[in-house]
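Student: Below is the structure I would like to discuss, written out as structure tokens.
The values are calculated or read from the model by the stated rules, or taken from the named source; none is laboratory data. For clarity, every value in this text was computed on a predicted model and none was experimentally measured. Glycine also receives a Cβ, built like all others from the backbone with ideal geometry; neighbour counts cover every protein chain displayed.
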């Protein structure tokens, strides 16, 4: 009887020890897994595709030696995480295959060598980057330039111009047609000794 009681006590001690460790992990998560979010758009397929974007999450290493790794949870609604990435015991991970322009909700847990998992860290919200537009510039008569913008069909883009790469001015807006591109002519280009261009998706 004494042996059974002793075994039960040892088991309870171990369970309590794990519980204490995981509570410690939760505290660590609250402190260090205020994620850093690095937008790292990686486009797969043509410019008209709206899937295949990615983001990179980074965090500080855990000071708790019992932490064996981290799980990253994410989904399309707050607290409803339909996907999980086992990041291992590293300080960053990339989540790929995201839908461009979609809002995602993300949280993390720490786990120990026994597979015990902490509660969720604070939630972060991010917008998956949109497909990046591409621009081709051709010269035209009278010092004009024709800008061919390649992007997502049906999406609108601002055309911006600058002389010094500091002050940018919107000189036009266009919506990409079903071919995946649209042309814009800068009729004022000849009035500037030099001019640089970029595009930006409109809200």
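Student: Look through region 85-105, keep the residues that are exposed (fewer than 12 other Cβ atoms within 10 Å of the Cβ) and in contact with a strand residue (DSSP E or B) (Cβ under 7 Å, 6 or more places away or on another chain), and return whichever of them is farthest from residue 120 (Cα to Cα).
Tutor: For region 85-105, the residue satisfying everything is 88.
Student: Could you pull out the residue among 159, 171 that is within 26 Å of the chain's Cα centre (by Cα) and not assigned by TED's automatic domain parsing to the domain that holds residue 73?
Tutor: Answer to the check: 159.
Student: While we're on this one: Among the residues of region 187-194, are any part of a strand (DSSP E or B), over 25 Å from the mean Cα position of the chain (by Cα) and buried (at least 16 other Cβ atoms within 10 Å of the Cβ)?
Tutor: Here is the first cut: in region 187-194, the residues part of a strand (DSSP E or B) are none.
No: zero hits.
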